[in-house]
Structures are given as C-alpha cells and as structure tokens.
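To start, the structure under review is shown below, and the notes come after it.
Rule-based calculations on the coordinates, nothing more; no lab input. Note that the structure is a prediction, hence the values are computed from the model and not measured. Reconstructed Cβ throughout: ideal geometry from the backbone, glycine too, with neighbour counts over all protein chains shown.
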Ligand code: AMP
C-alpha cells in the first residue's frame, strides 16, 4: 500500500494510473476507522481497479472546536487495517496541504435547503466545510467512483449536488453504501469510542426508536408519533437535537404522510457529551 502526504505526489501517481486506463475508487474518511469504513473500501475494491482512501480530520466542518479537539485519531492502526483490507493507496495530508491559502476565506457552495435543515440547522457551516474539503479531495484524487456511507445521508445528498453542480466532476460516479451496525443495532461510528461502557448500553435506543417509527408509521398527521419517539429517547438519557420523518429524496420534513411517498426517519441526539446520528428508510 502506498502512503502519500503531498498532493503533488499522489496527483502524479494517479495521472499515470489514468493513462493506463485504470479506474480509481475513492473513499474519503476522517480516520479512526471501523468496519463501516472498511465496507466502503470493499465496495471501492469491487467497483474499481485502484482504491484510494483519504484520512483527514477536516477542521472546517467542525462547528464545535471541542468536537474537533476530541475527535479520535488512530493513524497507525488505520494504516495497518487499510493495508490488511487491500486498499492500494492512502492520502494522509496535513491541514496546510489541503488548505495552502488557509481556511479564513472559504468559497461558498450553493447547497440549497440542504445547508439549513437537519444537520445543517444544528451544525451551521458544517456542509460548507464538507463541500469544500470533498471538492478539494476530488480535484486531488480525480476519482472515477466515490463511496460515502448512508449513515451520513444528508452528506450523501450534499455530495450528489456537488457532483451535479461542477462539470469538472461529471465523470465521478457516486455510490451510497448501507450503514454497518453493531449486533445491537448501534450504527458504527468513530465517535462511539468516546462512549462510556454505560452509555454504550444505552446507545442502541436510537436504532430502536428508528425501528419504532418504521413500525408505527401510518398515513395521516405524524406529530404524535414524533413526540412519542422523542419521549422514548429522552427517557433513554438522550438529549435530541432532532427527530424527523423526511421525504427521502429532498430530506424536507414530512408532517403529514400520504401513505405512499418514500420517507426516512432521521435522528441526532447527544448521549452525555457525544453527539450521535442515524437514519432509516421507513418506506
Ligand atoms: P467519517 O470518517 O466519519 O467522515 O466517515 C467516512 C465515511 O464513512 C463517510 O462516508 C461515512 O458516511 C462512512 N461511514 C461512517 N460510519 C459508517 C457506517 N457505520 N456504515 C457505513 N459507512 C459509514
């Protein structure tokens, strides 16, 4: 497995691969890798000739400086795991390499309503940061296929929009990979390592609440269902940011369900100091 820290170096390497008609699969991550990330790497290996994974904790997508500071970093372990899993190359740049002109005057991306709803509402600026870093990584890696996790569904929608908006990215095919879960249903996340043993026992309540929404969903007004779900989470020691049933395509809130439009349940909630998110297609 090749390790690159400089943009120039990986760009040169990838240009040679394109010349040899190799298809590049790209998996962007922030490291602290778990089996969920590895499922993206495996999907990339299946779809492409050469798999690149990036590990970069992007400062511009953290609206809370404490969250950035506490974000787990396990680079040695990550590199070993990626090598074992057959990843071909890792891009592990420093902040100055990704942002050579600094981070103080970022470009603005038109992300429409996605920027302001759900995660966008509770993490102002987050998706601008995501759009900027992913855009920079796409220019560097020049991939044919990119792989993102459904766990971050709204992020997937942002990336789809980013690709659609920029003709430079027209070659890129986006793949959304299903959420990998622990046996108890908890969605795998780098942030789970920050949960205490006691919190880990409580954490699957998010998944259970999503299942509850799925079972109880019925045509008509959804207010009571959402309020019951909120109370379940609060009883389970969570402090919810949002519990939403949204139209699957736009992620706009659905308050009255017609009985057939595809809808998805989305939850973001704090358990102690750790903020967890998850989602599930309900219909
Ligand atoms: P992160 O390192 O958290 O930025 O995640 C990197 C990529 O892995 C993103 O596309 C995530 O959506 C994806 N991912 C994170 N957790 C999971 C999971 N449990 N199952 C599948 N993909 C995941």
Within the chain, percent of DSSP bridges classed antiparallel, to nearest 5 | 50
Working from Cα positions, state the angle (0 to 90°, nearest 10) between the long axis of helix 126-141 and the longest principal axis of the chain.
-> 30
For the chain, with a Gaussian network of springs between Cα atoms less than 10 Å apart, report the residue from 254, 53, 87 with the top mean-square fluctuation.
-> 254
List, largest first, the extents of the alpha carbons of region 104-170 along their principal axes, each in whole Å.
-> 32, 30, 17
If 1, 188 are placed from fewest to most neighbouring beta carbons inside 10 Å, the sequence is 1, 188
Against the longest principal axis of the chain, how steep is helix 223-235, in degrees 0 to 90 to the nearest 10, with axes from Cα atoms?
-> 80
Comparing 178, 107, 72, which has the greatest mean-square fluctuation in the GNM of the chain with Cα pairs linked when under 10 Å apart?
-> 107
Overall form of region 1-100 per C-alpha gyration tensor (a/c, 1.5; a/b vs b/c) = oblate
To the nearest 10 degrees, the tilt of helix 7-19 (Cα long axis) against the first principal axis of the alpha carbons of the chain is 80
Using just the alpha carbons, could you tell me how many Å³ per residue the convex hull of region 190-281 encloses?
-> 86
In terms of the Cα gyration tensor, with a ≥ b ≥ c the square roots of its eigenvalues, is region 44-84 rounded because a/c is under 1.5, prolate because a/b exceeds b/c, or oblate?
-> oblate
Counting pairs of alpha carbon atoms under 8 Å apart in space and at least six apart in sequence, what relative contact order in percent does region 2-177 give?
-> 29
Go ahead and set up a Gaussian network model of the chain, Cα springs under 10 Å, then flag whichever of 137, 266, 68 fluctuates most.
-> 68
Over all pairs of distinct alpha carbons, what does the Kirkwood formula give as the hydrodynamic radius of the chain, in Å?
-> 19.8
